[in-house]
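Comments concern the structure below.
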Amino acid sequence: MTLIDISSVKVDVLPLDSQLTPIPDVIDRARGGDRHAFGELYDTHVDAVYRYVLYRVREPSDAEDLTSEVFTRAFANIHRYRWQGKSFLAWLYTIARNAVTDRRRRQRPTVDLDDAYGVAEEGPTAHDLAALSEQVDALRGAVKHLTTEQQEVLSLRFVENMSSRQVAKVLGKNEGAIRALQFRALGRLRKLMTAEVA
């Protein structure tokens, strides 16, 4: 066994308060007005936010618009970001959820002209599409009966393909709590979907 003498080695130690701060340097610089730092945050999180929004709105062009709106809101309010035991991505998801809700409140239902006249395309028959649409509508209706936390856990687990550990980190919870939320959410969906079929 070889021992190394480190008595002559100098190590720079950060002040205790900077070691305990959970805010990464890039977030701190962005809060200070550094546009390049915010650009780094954008590059890191834009794909995850886009997928999250796309799952909720189902239309790629709307998802792109809303993702842009999320980062515009985040940039305008970065000075308000405070560490609360959740990741920066969780803060962006909160902004995204609010942006989607705001958009739905403003939107009026519309029907695509091709869909209105039933223009045929290559692919599944109208019957197949109707059956699939009924199943999707039933699932969406059932998901609305879940708590917001349960919906977020399912979205992050199955849409974002995150592990329980990753979801726990994003939502600022322990892994056991995430598994419990997922278990209860899937059980509730099973009951709601079974009741829908019966």
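What does the charge count around THR94 come to, taking other residues whose C-beta lies under 14 Å from its C-beta (Lys +1, Arg +1, Asp -1, Glu -1)? Before the final figure, lay out each step's value.
Values: positive: ARG56, ARG73, ARG80, ARG82, LYS86, ARG97; negative: GLU69, ASP102, GLU149, GLU152.
After counting each charged neighbour, the total is +2.
Among residues other than GLU40 with Cβ under 11 Å from its Cβ, the summed charge is -1 (Lys and Arg +1, Asp and Glu -1).
Packing here is the average count of other Cβ atoms within 10 Å per residue, and on that basis the peptides 131-138, 165-172, highest first, run 165-172, 131-138.
Along segment 32-49 the Karplus relation, 6.51 cos²θ - 1.76 cosθ + 1.60 evaluated at θ = phi - 60°, assigns HN-Hα couplings of x, x, 6, 5, 5, 5, 5, x, 5, 5, 4, 4, 5, 10, 4, 5, 5, 5 Hz to successive residues, with x for each Gly and Pro. Look at the dipole of segment 22-107 built from charges on Cβ: of TYR50, ALA30, TYR93, the Cα furthest out on the positive end belongs to TYR93. With Cα atoms as the point set, segment 22-107 shows a radius of gyration and Dmax of 12.8, 39 Å.
In order along segment 149-166, the Karplus-derived 3J(HN,Hα) couplings, from 6.51 cos²θ - 1.76 cosθ + 1.60 at θ = phi - 60°, round to 4, 4, 4, 5, 4, 5, 4, 5, 6, 9, 8, 7, 6, 8, 6, 4, 5, 5 Hz, and Gly and Pro are given as x.
Backbone phi angles across segment 83-88, fed through the Karplus curve with coefficients 6.51, -1.76 and 1.60 (θ = phi - 60°), yield HN-Hα couplings of 5, 10, x, 10, 6, 4 Hz in residue order; Gly and Pro are listed as x.
Let me check I've understood the local charge: for ASN174, count other residues with C-beta under 14 angstrom from its C-beta, Lys and Arg +1, Asp and Glu -1. What total comes out?
Counting the neighbours of ASN174, the net charge comes to +3.
Basic side chains Lys and Arg get +1 at the Cβ, acidic Asp and Glu get -1 at the Cβ, and with that the dipole of segment 22-107 about its Cα centre reaches some 520 debye.
Per residue, the average separation of C-alpha pairs within less than 8 Å and at least 6 apart gives segment 121-198 a relative contact order of 33 percent.
Rule-based calculations on the coordinates, nothing more; no lab input. Small disclaimer: the values here were computed from a predicted structure and weren't measured. Methodologically, a virtual Cβ is constructed for each residue, glycine included, from the backbone with ideal geometry; neighbour enumeration extends over all protein chains shown.
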